[in-house]
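Colleague: Please find one structure pasted underneath; my questions will follow.
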Amino acid sequence: RFTNATLIAHYNKCSDINAERDETRIAWDAALNRHVSTERGLQPNTFLIGDLNVAPKPRDAQVGPNDGTFPSTRNHEREDFQRLLDTNAMEDAQGALDKAPLPTWSSGGRQGLRTATGEPYTMRLDLAIAPRSRIGRGEPDGGPRVASVVRDPDKHRSDHWPVHIYFREDGRHLAKMTKGRQEEKRDNILVTPNKPQKKPADEREDFPMLNA
């Protein structure tokens, strides 16, 4: 907890691939909704980040004909995710800031998890959820705003790409951000300092500015 915000870092249980409806996952989603509601009641500037194991919309999943049945794309998962947003007046920050958000997970070389064209399955599962009033540009009021959500170009031998979330009081980037720049605690206030991006433009394709 910060004096001006609460940050919930969360891993959401993956649904059982062999169960059409994973009741444990459904109960998990309901418990997460209650927890976020409790925290929002204590601190309106509450943010939820992490691997939520849900591709919010069909555009966020490239899983061939299995969209809607593959784990993280199932109707009950998307419905529960939308319920969390609606209940808490929150929004998927990257989805709001970026017209074409990049996937954050890939099946890599796993057999059976490829599209008809032979491409690995990919999904956007690592999300930043913010109050609707704390996304993008706005007048500074002492609270943090999500300025952008940026995917790292390197998976570092994982099946997930790291995601960097940048907070500014005005919700606006004034410069490119350096890969891996972390949030800092300054007088217990959540901020992200700006630092110019020095990489050549052709190396930044996978590292877009989302709210320049």
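Colleague: Within the range 5-39, track down each residue that is within 19 Å of MET123 (Cβ to Cβ) and among the hydroxyl-bearing types (Ser, Thr, Tyr).
Modeller: Once the filter is applied, which keeps residues that are within 19 Å of MET123 (Cβ to Cβ) and among the hydroxyl-bearing types (Ser, Thr, Tyr), the range 5-39 yields TYR11, SER15.
Each row is one residue, and each column tells you yes or no for (1) more than 24 Å from ALA147 (Cβ to Cβ); (2) touching a Gly at 6+ places or on another chain (Cβ under 8 Å); (3) part of a helix (DSSP H, G or I).
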{"site": "HIS10", "(1), (2), (3)": "no, yes, no"}
{"site": "ASN33", "(1), (2), (3)": "yes, no, yes"}
{"site": "THR38", "(1), (2), (3)": "yes, no, yes"}
{"site": "LEU48", "(1), (2), (3)": "no, no, no"}
{"site": "PHE70", "(1), (2), (3)": "yes, no, no"}
{"site": "THR73", "(1), (2), (3)": "yes, no, no"}
{"site": "HIS76", "(1), (2), (3)": "yes, no, yes"}
{"site": "GLN82", "(1), (2), (3)": "yes, no, yes"}
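Colleague: Turning to a different aspect of this structure: Check the range 67-79 and report whether any residue there is in contact with a Pro (Cβ under 7 Å, 6 or more places away or on another chain), open to solvent by 30 Å² or more (accessible area, probe 1.4 Å) and over 24 Å from PHE47 (Cα atoms).
Modeller: Checked against the condition, which is being in contact with a Pro (Cβ under 7 Å, 6 or more places away or on another chain), open to solvent by 30 Å² or more (accessible area, probe 1.4 Å) and over 24 Å from PHE47 (Cα atoms), the range 67-79 yields at least one hit.
Colleague: While we're looking at this one, here's another question. I'd like the full set of residues that are of a type in the set (S, T, N, Q) and in contact with a Gly (Cβ under 9 Å, 6 or more places away or on another chain), limited to the range 102-116.
Modeller: Of everything in the range 102-116, just one residue is of a type in the set (S, T, N, Q) and in contact with a Gly (Cβ under 9 Å, 6 or more places away or on another chain), namely THR115.
Colleague: Just need a number here: residues in the range 1-50 that are open to solvent by 20 Å² or more (accessible area, probe 1.4 Å) and acidic (Asp, Glu).
Modeller: Residues in the range 1-50 being open to solvent by 20 Å² or more (accessible area, probe 1.4 Å) and acidic (Asp, Glu): 3 in total.
Colleague: Counting only residues that are closer than 22 Å to ASP29 by Cα and in contact with a strand residue (DSSP E or B) (Cβ under 6 Å, 6 or more places away or on another chain), which one in the range 61-75 is modelled with the lowest pLDDT?
Modeller: ASP67
Colleague: Under 9 Å between Cβ atoms, which residue pairs at least 6 apart in sequence (or on different chains) link something in the range 109-127 that is closer than 25 Å to GLN94 by Cβ with a partner that is open to solvent by less than 70 Å² (accessible area, probe 1.4 Å) and of a type in the set (Lys, Arg)?
Modeller: Between residues of the range 109-127 that are closer than 25 Å to GLN94 by Cβ and residues that are open to solvent by less than 70 Å² (accessible area, probe 1.4 Å) and of a type in the set (Lys, Arg), the close pairs are ARG124/ARG151; ASP126/ARG151.
The values are calculated or read from the model by the stated rules, or taken from the named source; none is laboratory data. Being a predicted model, the structure only gives us computed values, none of them experimental. Neighbour counts run over all protein chains shown; Cβ positions are idealised from the backbone, glycine included. To get the accessible areas, we keep the full protein, side chains included, count just its heavy atoms, and leave off ligands, DNA and RNA. Shrake-Rupley method; radii C 1.70, N 1.55, O 1.52, S 1.80 Å.
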